[in-house]
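The block underneath contains the structure these notes are about, expressed in structure tokens.
The values are calculated or read from the model by the stated rules, or taken from the named source; none is laboratory data. Note that the structure is a prediction, hence the values are computed from the model and not measured. FYI the Cβ positions are ideal-geometry reconstructions off the backbone, even for glycines, and counts take in every protein chain you see.
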Amino acid sequence: MTLSLALSRTVLQRGEPDTLTMTLTNTNDHPVSLSGGACEPRPYVADPHDVTVVPPGGDWFCIAVLVSRHLAAGEHVSRAFVWDTTPFAPGVYSAHAAFSAQGVELATQPMTVRLN
């Protein structure tokens, strides 16, 4: 299993939205079934001081709903999150994604986003 992150833009003006697309891919040669929370995968954004600002306070609050994902070999599932940059000061931010389900823990490398 792999998790990847794509950003719609890496340089934007304050107030412009940025879409973070998280993609979970079954890299196995067999189907995989995973049960996890409804918020998986989860996006995170940290400010120039490395303080998590998305989600506020650093932790996602999700309703306790389990979602079963059944992925064939090579199949992927994507989830998009729109980051509203309006309340944030200009600076260099970092974005990454994480996924957790049934002992599978994945995270992407941070990506830089410049907010002007």
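Things worth noting here:
- For the stretch 35-82, the tally of residues that are assigned to a loop (DSSP other than H, G, I, E, B) and either touching a helix residue (DSSP H, G or I) at 6+ places or on another chain (Cβ under 7 Å) or without any contact (Cβ under 8 Å) to a residue 60 or more places away in the chain (or both) stands at 19.
- Note on the stretch 92-116: residues that are farther than 29 Å from Ser33 by Cα and of a type outside the set (Val, Ile, Thr) amount to 5.
- Leu5 being under 13 Å from Met111 (Cα atoms), in contact (Cβ under 8 Å) with a residue 24 or more places away in the chain and part of a strand (DSSP E or B): yes
Here is a yes/no grid of residues against (1) touching a Phe, Trp or Tyr at 6+ places or on another chain (Cβ under 9 Å); (2) at negative phi; (3) among the aliphatic types (A, V, I, L, M):
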position	(1), (2), (3)
Ala46	yes, yes, yes
Ala73	no, yes, yes
His76	no, yes, no
Phe81	no, yes, no
Asp84	no, yes, no
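- Filter result (part of a strand (DSSP E or B) and more than 15 Å from the chain's Cα centre (by Cα)) within the stretch 18-34: Val32, Ser33, Leu34
- Of the residues Met22, Met1, the single one that is in contact with a Pro (Cβ under 9 Å, 6 or more places away or on another chain) and either within 15 Å of Ala101 (Cβ to Cβ) or among the hydroxyl-bearing types (Ser, Thr, Tyr) (or both) is Met22.
- The residues of the stretch 93-116 that are surrounded by fewer than 12 Cβ atoms within 10 Å (Cβ to Cβ), at pLDDT 95 or above and outside any loop (DSSP other than H, G, I, E, B) amount to a single one, Thr112.
- Picking from residues in the stretch 68-104 that are of a type in the set (Phe, Trp, Tyr) and over 11 Å from the mean Cα position of the chain (by Cα), the one that is nearest to Leu7 (Cα to Cα) is Tyr93.
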